[in-house]
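Student: Attaching a single structure in structure tokens format; questions to follow.
The values are calculated or read from the model by the stated rules, or taken from the named source; none is laboratory data. Predicted model, so just to flag it, every value in this text is computed and none were measured. Reconstructed Cβ throughout: ideal geometry from the backbone, glycine too, with neighbour counts over all protein chains shown. Heavy atoms of the whole protein, side chains included, go into the accessibility calculation; ligands, DNA and RNA do not. Shrake-Rupley method; radii C 1.70, N 1.55, O 1.52, S 1.80 Å.
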Amino acid sequence: MNENFIKINGANFYYELHGDAKNQPLVLISGYTADHLTWQPVLNELSKHYYVLIFDNRAVGQTKDDDRELSLELMADDTVALIEKLNLKSPVAIGHSMGGAIVQVMAAKYGERLKGICILNAPYKWRNAAIEFMTTIYFLIESSAALQIVFGLTLALVFGQQFLAEAENRENFIKTALANPHPQNICDKSRQL
């Protein structure tokens, strides 16, 4: 694994590459408020078979940007520029939640540059209920609600019934979220929302 920063489109992106560079490139794109650490539970297994790129989108983790207004199109352009700078040929792009929406834009604009895509728990169009839920979470954080409560509520939006049935899964998610060494600040959370 190597850890690096790379400047693209007015941002300094944090990224990591895992696995053998001879393997098929795989790009993992995180969702709303999530940084590269969201992929930790599957990273070791994927790195055995693929050359895996994980990174922090704008307004999250260690990536620092020029504070411009965010859009899925901008973040898709960022991801493709990162792929090109790192010379990853015909990668498969996998996106979760907002990352899945980014992948959809990438496929529409840059489909010929991708070998394939996988969209995890992401809509084509955001439902009002999901937007209201994310807005409520944002206002709880802005009002200084305990992060343990906020992360507990987030579980219902992010995970399915099977995952939620196990208390250990819920506890580990909250523990990992609270231990993040680069938590998202409220301004960047608002920009992503």
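Student: Compute the helix-to-body angle for 72-85: its Cα long axis versus the longest principal axis of the chain, expressed 0 to 90° and rounded to tens.
Tutor: 40
Student: With axes computed from alpha carbons, what is the tilt in degrees of helix 128-142 against the longest principal axis of the chain, rounded to the nearest 10 within 0 to 90?
Tutor: With both axes taken from Cα atoms, the answer is about 70 degrees.
Student: Ok, one more. Given a 1.4 angstrom probe, what's the average accessible area per residue across the chain, in square angstrom?
Tutor: With the other protein chains kept in place, the chain gives 55 Å² per residue.
Student: Using Cα extents along the principal axes in Å as the read-out, say which of (1) 98, 36, 25; (2) 48, 33, 28; (3) 44, 36, 30 was calculated from these coordinates.
Tutor: (3)
Student: Now, a different point. Mind ordering 8-19, 91-102 by average Cβ neighbours within 10 Å, highest first?
Tutor: In descending order of packing, they fall as 91-102, 8-19.
Student: Using the alpha-carbon atoms, what tilt in degrees (0 to 90, nearest 10) does helix 40-49 show relative to the longest principal axis of the chain?
Tutor: 20
Student: Per the 1.4 Å probe, what fraction of the accessible area of the chain, in percent, lies on carbon and sulfur atoms?
Tutor: Carbon with sulfur: 53 percent of the solvent-accessible area.
Student: Hey, which lysines would be in cross-link range of Lys109, C-alpha to C-alpha under 23 Å, not counting anything within fewer than 8 residues on its own chain?
Tutor: Excluding near neighbours in sequence, the set is Lys7, Lys85, Lys89, Lys125.
Student: Hey, can you rank 181-191, 119-129 by average C-beta count inside 10 Å, highest first?
Tutor: Sorting 181-191, 119-129 by mean packing, highest first, produces 181-191, 119-129.
Student: Please identify every one of the GluC sites (Glu not before Pro) in the stretch 41-130 that sits in a loop by DSSP and has no more than 15 other beta carbons within 10 Å of its own beta carbon.
Tutor: Sites meeting the loop and neighbour criteria: Glu69.
Student: Please work out the FRET efficiency for the pair Leu193 and Lys22, using the Cβ-Cβ distance as r and a Förster radius of 41 Å; give the result to the nearest 0.05.
Tutor: Result of the calculation: an efficiency of 0.55.
Student: Additional query: Using DSSP to define loop residues, name the GluC sites (Glu not before Pro) in the stretch 150-193 whose beta-carbon has at most 12 other beta-carbon atoms within 10 Å.
Tutor: Here the sparse-neighbourhood loop sites are Glu166.
Student: Which order do the peptides 29-39, 154-164 take when ranked by the mean count of other beta-carbon atoms within 10 Å per residue, highest first?
Tutor: Taking the mean over residues of other Cβ atoms within 10 Å, the ranking is 29-39, 154-164.
Student: If you don't mind, there's one more thing I want to ask. How much length is gained on full extension from Thr176 to Gln40, taking 0.36 nm per residue of separation minus their Cα-Cα distance?
Tutor: Answer, rounded to one decimal: 47.9 nm.
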